[in-house]
1. Does Gln187 fit the bill of being within 18 Å of the chain's Cα centre (by Cα) and at pLDDT below 80?
2. Which is at positive phi and modelled with pLDDT under 85, of Gly150, Gly80, Gly119?
3. Could you figure out which of (1) open to solvent by 20 Å² or more (accessible area, probe 1.4 Å); (2) modelled with pLDDT of 85 or more; (3) in contact with a helix residue (DSSP H, G or I) (Cβ under 8 Å, 6 or more places away or on another chain) isn't true of Arg194?
4. Could you list all residues from segment 197-232 that are among the polar types (S, T, N, Q) and either within 16 Å of Val144 (Cα to Cα) or in contact with a Lys or Arg (Cβ under 7 Å, 6 or more places away or on another chain) (or both)?
5. Are there any pairs with C-beta distances below 7 angstrom linking a residue in segment 28-50 that is in contact (Cβ under 8 Å) with a residue 40 or more places away in the chain to a residue that is of a type in the set (A, V, I, L, M) and open to solvent by less than 80 Å² (accessible area, probe 1.4 Å), with the two at least 6 apart or on different chains, and if so which?
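The values are calculated or read from the model by the stated rules, or taken from the named source; none is laboratory data. A quick note: this is a predicted structure, and the numbers were derived from the prediction, not measured. Cβ sites come from the backbone with ideal geometry, for glycine too, and all protein chains shown count toward neighbours. Side chains are part of the model used for accessible areas, which takes the heavy atoms of the whole protein and leaves out ligands, DNA and RNA. Shrake-Rupley method; radii C 1.70, N 1.55, O 1.52, S 1.80 Å.
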Amino acid sequence: MGDGADDGARVTVKELQHLAAAMAHEVRNPLNSMAIHVELLEGRMRKEGAGADVMKSLTVLAAEIDRVDKILEQYLGYAGPTEAARAPVRARELLASVVERVRAEAAQRGVGVEIADGGGGDARWAVDGEALVEALAALAENAVAASAKGSVVKIAARTDEASEQAEVTIADGAAPIAAEEAGKAFQIGSPRSRGSVGLTVAKQIVKGHGGSISIKPAAGGNVFTIRLPLELDS
């Protein structure tokens, strides 16, 4: 009888995705209303000559609303479709976009970010460039957050023309990940995800390309590896 109750309570991944989307949309409506009213209140307080402490509190409130909105954006990304819309893009341009996305946060944490020579950065890949940048940025942000101050996060691209596979690696400067943690790193709520759905979204995007994603310990830290089957664009 216990097994039957469990079976009745099970939901599919697709059902969970729909639930995440519904919850995100429900929260977003009042959140947008809050943002509008904070903006109106900020304008009114400025006209009335409110003190610096009041204006600072309103600025913090607006920033926190924006932060929650970005978290909801991540959940919607997780709940949304994963099929890749491919178009030709140069690998090095993808990596440059990722570095630009994480540069400011890395500087605040005292962590360097650089593009390493992976032997294939100048190749043109047929991928969903916008989605892939989102995935790589999520991995790079996670690598930066986990890395020790003074270390360098290195991003590299490599193309195997014979097998028509692309590979992107992101090496961090963090403590080596345990085998049991590596297997769960891309699950929502895992220690490596640090409460974010970014790694889960990244995995969804990579799966949409028919590819694979993993994290393994390496010399001086850990390495995220993305492998994608693709059509090369000459």
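1. yes
2. Result of the check over Gly150, Gly80, Gly119: Gly119.
3. Failed condition: (2).
4. Matches in segment 197-232: Ser212, Asn222, Thr225.
5. Taking only residues 6 or more apart or on different chains, the pairs are Arg28/Leu72; Leu31/Ile65; Leu31/Val68.
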